[in-house]
Amino acid sequence: MLTSTSKSTKNTSFLNILIVAMAIVVGIVFLYYRLNYLNAPLGNDESVYLYLGKMAMNGGAPYRDFYEMKPPMLFYSFGILNALTGFSILGLHLNAILIVIISAFLIYKTYTRRYLKLPTMLACTIWALLLSSPMIYGNYLQSEHFVVLFLVLIFYLLQFRTPSNRQIFIAGLLYSAAMLTKQSAIYFIVPGLFLIYELGTTTKERFQKLLIFSAGVVALVIFF
């Protein structure tokens with residue numbers, strides 16, 4: 001007869017196997033879906049951003065040599081990333097897959113600091129698949145993919161750990177990069193400031209960290 005302890009161990013093992021199996025299935029669906037789009041024609045936004053990114057990498061100045069009603073970091077994000085793959089359709093869509101996988105991995109690394117690894121892994125694979133949904137044009141490389149990457153990097157640097165002042169400053173740079181990529185990233189300012197505020201233990205320390213974060217935000221804005 002199985003004891004309660006052995007039953008619990010058996011149930012836990014079965015649940016872990018089920019979670020891993022589900023994560024593998026979701027991962028396969030994600031890769032199959034994304035790989036089918038590798039040679040698909042460029043989307044409307046993709047084609048514009050890829051061209052403007054190439055112009056930026058060739059020395060063109062935003063709003064002088066080319067114009068688009070978007071913040072400047074978007075052009076350089078597309079330009080720098082796609083310069084590595086020759087500004088090709090295939091390269092751009094491979095980069096889109098890479099950004100989603102890196103973002104999901106960073107989310108996994110961040111939240112396994114506090115939560116169980118296997119459920120977190122399953123959640124991240126499901127998130128990657130949902131982020132690729134055509135309902136939100138996730139099957140193309142969009143400005144939102146870069147915003148998500150910048151924001152996820154901030155969480156990776158700051159959440160569930162004791163970050164250094166340098167990491168807080170870098171987080172400010174990343175948040176500024178997100179806003180300079182897509183204006184709607186400004187809506188994350190309230191939870192972002194709350195996260196920074198909670199890193200301190202005294203009022204003085206909290207405001208010091210907020211100033212360091214703000215300095216990072218302002219530094220990149222001044223650069224552009």
**Prompt:** Under a plain spin-label model, where a point goes 7 Å from the Cα along Cα-to-Cβ, how far apart in nm are residue 39 and residue 222?
**Reply:** 5.0
**Message:** Could you work out the pair-distance distribution P(r) of the chain from its alpha-carbon pairs, with 5 angstrom bin width and percents rounded to whole numbers?
**Reply:** 1, 6, 12, 15, 15, 14, 12, 9, 6, 4, 2, 1, 1, 0, 0, 0
**Message:** How big is segment 18-68 along each principal axis, measuring the range of its Cα positions in Å and listing the largest first?
**Reply:** 56, 21, 17
**Message:** Below 20 Å, Cα to Cα, which aspartates and glutamates can residue 209 reach? Residues fewer than 8 away in the same chain don't count.
**Reply:** 198
**Complete:** At 4 °C and 1.567 mPa s, the Stokes-Einstein diffusion coefficient in µm²/s for segment 146-224, with hydrodynamic radius from the Kirkwood sum on alpha carbon pairs, is 106
**Prompt:** When the C-alpha atoms of segment 16-146 are aligned to their principal axes, what extent does each axis show, in angstrom, from largest down?
**Reply:** 56, 31, 25
**Fill in**
The size of the Cβ-based charge dipole (Lys, Arg +1; Asp, Glu -1) of the chain about the Cα centre, to the nearest 20 debye, is 840
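Any read-out appearing in this document is the output of simple, stated calculations on the displayed coordinates, not a laboratory observation. Predicted, not measured: the structure shown is a model, and the values here were computed from it. Neighbour counts run over all protein chains shown; Cβ positions are idealised from the backbone, glycine included.
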